[in-house]
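The values are calculated or read from the model by the stated rules, or taken from the named source; none is laboratory data. Quick caveat, the model's predicted, so the values are computed rather than measured. Cβ placement follows ideal geometry from the backbone for every residue including glycine, while neighbour counts extend to all protein chains displayed. What goes into the accessible areas is simple: the full protein's heavy atoms, side chains included, and nothing from ligands, DNA or RNA. Shrake-Rupley method; radii C 1.70, N 1.55, O 1.52, S 1.80 Å.
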Amino acid sequence: QVPLRPGRSLMDWIRLTKSGKDLTGLKGRLIEVTEDELAKHNKKEDCWICIRGFVYNVTPYMEYHPGGEDELMKAAGTDGTDLFDQVHRWVNYESMLKECLVGRMAVKSIAAPKGELEVKFILISAKKVYVFLFIFCIFCISLYFLFYSYDWFQTESLITIVIYTKQKDMNAELVIIDCQDKRLRGEIMLGDYSYLVEVDLDHAVSEDVAVNIAEKVGKVEIILKKKDNINWKMLGQPWEGHNTFVKRTDRGLFYRKCKLVSKTEVTHDTKLFCLMLPKGTHLRVPIGQHVYLKQIIAGTEVVKPYTPVLPFLLLDFQEASHQDGVHIYLMIKIYSSGLFTQALDHLQIGDCISVSNPEGNFKKSQVHTSEDLILLAGGTGFTPMVKLLNFALTEVSCLRTVKLIFFNKTEDDILWRNHLEQLALEDERFEVQFILSQPTKDWVGKQGKISSSLLSEFVKRSKKDSKVLICICGPTPFTEQGVQ
């Protein structure tokens, strides 16, 4: 993110979109845009971008974009879908940019080939393409049935859906179940792909949903209690994505309403929010992954990512601190001028907010093969480190050292300082260093911003050639400097 000028906040943008001002320059007309026409609009003062077949004039949005003008200009006059998905596919651009919509991309026309030789060549090429596509389709179908299939059966009081994944490492974190208002949605994660069972159930079931996982054979059972002991003739009416195995990015995010059950102060500007999942939901957020919170603010859908943490970080309470499958804890910094965090802070106990499925690509196996784990955190970049610390110190025996280098502005900004210092006393493998950029004169610890000279004091192997894993999280400039 980059600093925005005064009057260029998200709320200011929402006001501008509702002012009635012509933001497209087309006076309300929608046009069909060719590639050549799109390419002409590639300057800051005249910038069009295509996302998923729709073209937007983002010129008026330049000064409001949290990522800065340079990021938008990377896609100026082109199809920016891939770039958008890499950076923030979770953002509801349709809502944010609806007043900037220019129109649809024109469908390309393909000229018919001329001459007998060209026709034969096209026919030969087409045959090769069809053969390739046929083989590829057979491969995909085989792959699909090799990995995923489902069945269901019933007793007088229960409905059991069985999903056969054939995956030997299947676990609770890879299974997400939502069952509310007769809609059942079960998603099984496999790397970048997921398998989905999604139906409107034939009859009503209770809110209690049980999930059994046979890890060694990869079998997942979803057990539902019938509200009425009647015989079901079918499981239900399928949704569009039912019984499909596709890329997770193509499937999109799914949200459920979670209830705020507590909100406690961590520091002067950071709070720990405890959200309760609906009764019919089975969801575990893996280490290093995040969820998205969604709020409607001033009529516009606003989405932000947050990494769940544990309720506390003391080794005496390890059993209690593991995920209970009911609550999600989020440590959130409340910004005085932050539209979204202010809205979160004004939530009352019992209010609901939409929470997405987890996303992220961190793999715990990286920790299992390491001997030294070094964590560099800047401010609330500490949040992804919480579960990782707990996991590393309680479940990874090969680690010799675990070191957290925690950068903050002032002492008052340090999150869970007492927890971390206590943890360092209880586990000799763990060390924490607090580094401040704006300390008071009483501060006796290290000070400064992230730099090679500062890190060279702390980023060291426990022995020659030991395997080291370094994890970095914080504001973008902090992360970029840390990587360098």
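Could you go through the stretch 379-400 and let me know if any residue there is touching a residue at least 40 places away in the same chain (Cβ under 8 Å) and farther than 30 Å from ILE176 by Cα. Step through it out loud before you land on a result.
Restricting attention to the stretch 379-400, the residues satisfying the condition of being touching a residue at least 40 places away in the same chain (Cβ under 8 Å) are 379-391, 393-394, 400.
If we keep only those that are farther than 30 Å from ILE176 by Cα as well, we get 379, 400.
Within the stretch 379-400, one or more residues are touching a residue at least 40 places away in the same chain (Cβ under 8 Å) and farther than 30 Å from ILE176 by Cα.
Considering (1) assigned to a loop (DSSP other than H, G, I, E, B); (2) surrounded by fewer than 19 Cβ atoms within 10 Å (Cβ to Cβ), say which one GLU63 fails and leave the rest.
Only one criterion in (1) assigned to a loop (DSSP other than H, G, I, E, B); (2) surrounded by fewer than 19 Cβ atoms within 10 Å (Cβ to Cβ) is unmet by GLU63, namely (1).
Yes or no, residue by residue, for (1) at pLDDT below 95; (2) open to solvent by less than 50 Å² (accessible area, probe 1.4 Å); (3) more than 22 Å from SER356 (Cβ to Cβ); (4) not in a loop (DSSP other than H, G, I, E, B):
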site: ILE141; (1), (2), (3), (4): yes, no, yes, yes
site: PHE145; (1), (2), (3), (4): yes, no, yes, yes
site: LYS166; (1), (2), (3), (4): yes, no, yes, no
site: SER194; (1), (2), (3), (4): yes, yes, no, yes
site: ASP200; (1), (2), (3), (4): no, no, no, yes
site: VAL209; (1), (2), (3), (4): yes, yes, no, yes
site: LYS216; (1), (2), (3), (4): yes, no, yes, no
site: LEU224; (1), (2), (3), (4): no, yes, yes, yes
site: PHE245; (1), (2), (3), (4): yes, yes, no, yes
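Of the residues THR270, THR281, THR300, which single one is in contact (Cβ under 8 Å) with a residue 60 or more places away in the chain, open to solvent by less than 50 Å² (accessible area, probe 1.4 Å), closer than 30 Å to ASP412 by Cα and of a type outside the set (Gly, Ala, Ser)? Break it down stepwise before answering.
On the way: THR281 fails: closer than 30 Å to ASP412 by Cα; THR300 fails: closer than 30 Å to ASP412 by Cα.
THR270 is the lone residue from the list that is in contact (Cβ under 8 Å) with a residue 60 or more places away in the chain, open to solvent by less than 50 Å² (accessible area, probe 1.4 Å), closer than 30 Å to ASP412 by Cα and of a type outside the set (Gly, Ala, Ser).
Looking only at residues in the stretch 331-355 that are farther than 19 Å from LEU10 by Cβ and in a strand (DSSP E or B), which one is most open to solvent (accessible area, probe 1.4 Å)?
Applying the first criterion (farther than 19 Å from LEU10 by Cβ) to the stretch 331-355 yields 331, 348-352, 355.
Checking which are in a strand (DSSP E or B) leaves us with 331, 352, 355.
Values: MET331: 9, CYS352: 64, VAL355: 2 Å².
Taking the candidates together, the pick is CYS352.
I'd like the full set of residues that are open to solvent by less than 50 Å² (accessible area, probe 1.4 Å), out of contact with any Pro (no Cβ under 9 Å at 6 or more places or on another chain) and modelled with pLDDT under 85, limited to the stretch 86-104.
Hits for the stretch 86-104 are ARG89, VAL91, ASN92, TYR93, SER95, MET96.
Are any of the residues in the stretch 21-29 open to solvent by 30 Å² or more (accessible area, probe 1.4 Å), over 31 Å from the mean Cα position of the chain (by Cα) and under 21 Å from VAL107 (Cα atoms)?
yes
Against the conditions (1) part of a helix (DSSP H, G or I); (2) under 30 Å from ASP192 (Cα atoms), where does ALA377 fall short? Just the number, please.
Status for ALA377: all satisfied but (1).
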